[in-house]
Amino acid sequence: MLSANIQAGSSTRRYSDYVMRSWSHALPLGAKRSSLDAIAQLAGAHDLVGLQEADPGSLRSGFTNQTHYVAERAGFNYWTHQPNRMVARVAGSALGLLSRVEPVSIENHALPGRLGGRGVLVARFGEGDDGLVVAVAHLSLGAGSRLLQLGFIGEVLAPYRHAVLMGDFNCVPDVPEMELLYKRTYLRPPSFCVPTFPSWKPKRAIDHILVSEDLRHENARALPAAFSDHLALALDIHVPDQALRTVG
């Protein structure tokens, strides 16, 4: 699996770029298409991919649905996205999910928080108690809002023994608000942390792929997501056949 905050295809290679290249967050300029092609090449080496900060089709992306674009370029038959923030069609942000296997169901939930515009996308693979559930989220910067969001996600994922939660958490995995998630679900803290931010000199482990205790996993690693300010995070997960089995 792969989780990547793609920063809408923008390029950030140093802190000064947040100011010097701020125009790229509103205009369809720069090498965004080539960045998306690089992200698609990375995504194509995986079976399931969660995207954060994918533009859903606003001015800054040239009205391109970036999740759809990456899915097509990477050869995924199944994709879905959850637009959760749009500023007057100038700039938008969405979560995305790309899969080699067709999901049984997709759920979109708005997350609580001081400011709106955050969500969690939940896909179910397989049926019954052994089914696999995969969720993608992008949490708030503030600890108070994250506490509300993680509590909500915990309620959504609580019933599932085979679950994965991936995304940009904007926090390390051992902060107090994360404990609420671990208590409410079968998800466990990562075995070790992989720094992903900032991409040019990674010091903070704020992007995570959390896996329930019954799923064997290994080889967590950070990979460049074109020129995003986050590195992508990959993890090998061994999913039992029964977790993907459907009735019929």
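Of the residues screened, residue 156 is one that is modelled with pLDDT of 95 or more, of a type in the set (Val, Ile, Thr) and under 30 Å from residue 246 (Cα atoms). If you go through segment 121-139 and keep only what is at pLDDT 95 or above and buried (at least 21 other Cβ atoms within 10 Å of the Cβ), you end up with 121, 122, 123, 125, 132, 133, 134, 135, 136, 137, 138, 139. If you go through segment 150-181 and keep only what is among the charged types (D, E, K, R) and under 19 Å from residue 4 (Cα atoms), you end up with just 168.
Number of residues in segment 96-105 that are surrounded by fewer than 23 Cβ atoms within 10 Å (Cβ to Cβ) and under 17 Å from the mean Cα position of the chain (by Cα) equals 3. At least 2 residues being surrounded by fewer than 16 Cβ atoms within 10 Å (Cβ to Cβ) is the threshold, and among the strands (runs of 3 or more DSSP E) wholly inside segment 140-248 those reaching it are 216-223, 232-238. Counting only residues that are free of Cβ contacts under 8 Å to residues at least 60 places away in the same chain and either closer than 24 Å to residue 122 by Cβ or crowded, with 24+ Cβ neighbours inside 10 Å (or both), segment 46-68 holds 11 of them.
Scanning segment 32-60 for residues that are among the small types (Gly, Ala, Ser) and in contact with a helix residue (DSSP H, G or I) (Cβ under 7 Å, 6 or more places away or on another chain) yields 35, 40, 43, 44, 54. Of the candidates 108, 84, the single residue that is within 14 Å of the chain's Cα centre (by Cα) and surrounded by fewer than 19 Cβ atoms within 10 Å (Cβ to Cβ) is 108.
Scanning segment 122-139 for residues that are of a type outside the set (Gly, Ala, Ser), part of a loop (DSSP other than H, G, I, E, B) and in contact with a Ser or Thr (Cβ under 8 Å, 6 or more places away or on another chain) returns 127, 139.
The values are calculated or read from the model by the stated rules, or taken from the named source; none is laboratory data. Predicted model only: the values in this text are computed from it and were never measured. Positions of Cβ are generated from backbone atoms using ideal geometry, with glycine treated the same way; all protein chains shown enter the neighbour counts.
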